[in-house]
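Engineer: What follows is a single structure, and I will ask about it in a moment.
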Amino acid sequence: MSHKSSITLVVTVGFLLVATSMVFAVNETPTQPVATIVSVEGATTTYHSQDWNGQTGTVQVPSQASADIKGRDAQGIVHATVSAVDTTINRVKVHTPEGQTIVLAMSPASLTSIQVGDPLTFTVPEPPR
């Protein structure tokens with residue numbers, strides 16, 4: 001093998017090693033936990049339904065609408081305090097300064113570092129228009 005082709009091979013292998021390590025470094029960057037609103041306690045949606053006998057009934061369902069969350073700022077950021085953590089169903093209850101209790105579903109990995117009394121800040125997306 002000639003001297004030039006040896007240098008080319010070494011440079012190519014070195015470049016591939018650097019590129020591979022950069023890809024792994026990007027993939028290992030921690031991401032923000034994602035939460036889904038399960039319910040906003042204190043806010044309900046009322047439905048009127050009819051059973052199979054024709055009887056009318058009223059059903060109140062806890063809200064799941066982000067529009068019902070009070071106290072968020074212009075960017076949709078809500079500051080709350082963790083009031084309960086349930087690792088069996090992967091849910092967290094948070095209490096806002098406005099007195100609302102919001103139930104959030106989170107990944108099991110996210111729940112490992114959350115404890116009752118911890119501050120929790122999350123962003124509520126803009127409701128669709």
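Engineer: Scan the range 80-115 residue by residue and report those that are among the β-branched types (Val, Ile, Thr) and touching a strand residue (DSSP E or B) at 6+ places or on another chain (Cβ under 7 Å).
Structural biologist: If the condition is that a residue be among the β-branched types (Val, Ile, Thr) and touching a strand residue (DSSP E or B) at 6+ places or on another chain (Cβ under 7 Å), then Thr81, Val82, Val85, Val92, Val94, Thr96, Thr101, Ile102, Val103, Ile114 are the ones that fit.
Listed here are the residues, each with its yes/no results for (1) small (Gly, Ala, Ser); (2) modelled with pLDDT under 70.
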site: His3; (1), (2): no, yes
site: Glu41; (1), (2): no, no
site: Ser66; (1), (2): yes, yes
site: Gly99; (1), (2): yes, no
site: Ile102; (1), (2): no, no
site: Gln115; (1), (2): no, no
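Engineer: Quick check on the range 117-129: of everything there that is in a loop (DSSP other than H, G, I, E, B) and open to solvent by 60 Å² or more (accessible area, probe 1.4 Å), which residue is nearest to Val34 (Cα to Cα)?
Structural biologist: It comes out as Pro125.
Engineer: Something else: So Gln60 passes all but one of these: (1) polar (S, T, N, Q); (2) surrounded by fewer than 10 Cβ atoms within 10 Å (Cβ to Cβ); (3) at pLDDT 80 or above. Which condition number does it fail?
Structural biologist: The number of the failed condition is (3).
Engineer: Something else: Checking Glu28 against (1) open to solvent by less than 80 Å² (accessible area, probe 1.4 Å); (2) among the acidic types (Asp, Glu); (3) modelled with pLDDT under 80, which single condition isn't satisfied?
Structural biologist: The failed condition is (1).
Engineer: Continuing with the same structure: Could you please tell me which pairs satisfy a Cβ distance under 9 Å, a separation of 6+ or placement on different chains, a first residue in the range 80-94 that is closer than 14 Å to Ala35 by Cβ and open to solvent by less than 50 Å² (accessible area, probe 1.4 Å), and a second residue that is in a strand (DSSP E or B) and among the acidic types (Asp, Glu)?
Structural biologist: Cβ pairs passing all conditions: Val92/Asp86.
The values are calculated or read from the model by the stated rules, or taken from the named source; none is laboratory data. This one's a predicted model, so the numbers in the text were calculated from it and none came from an experiment. So basically every Cβ, Gly included, is an ideal-geometry build from the backbone, and we count neighbours across all protein chains shown. Side chains included, ligands, DNA and RNA excluded: accessible areas come from the protein's heavy atoms. Shrake-Rupley method; radii C 1.70, N 1.55, O 1.52, S 1.80 Å.
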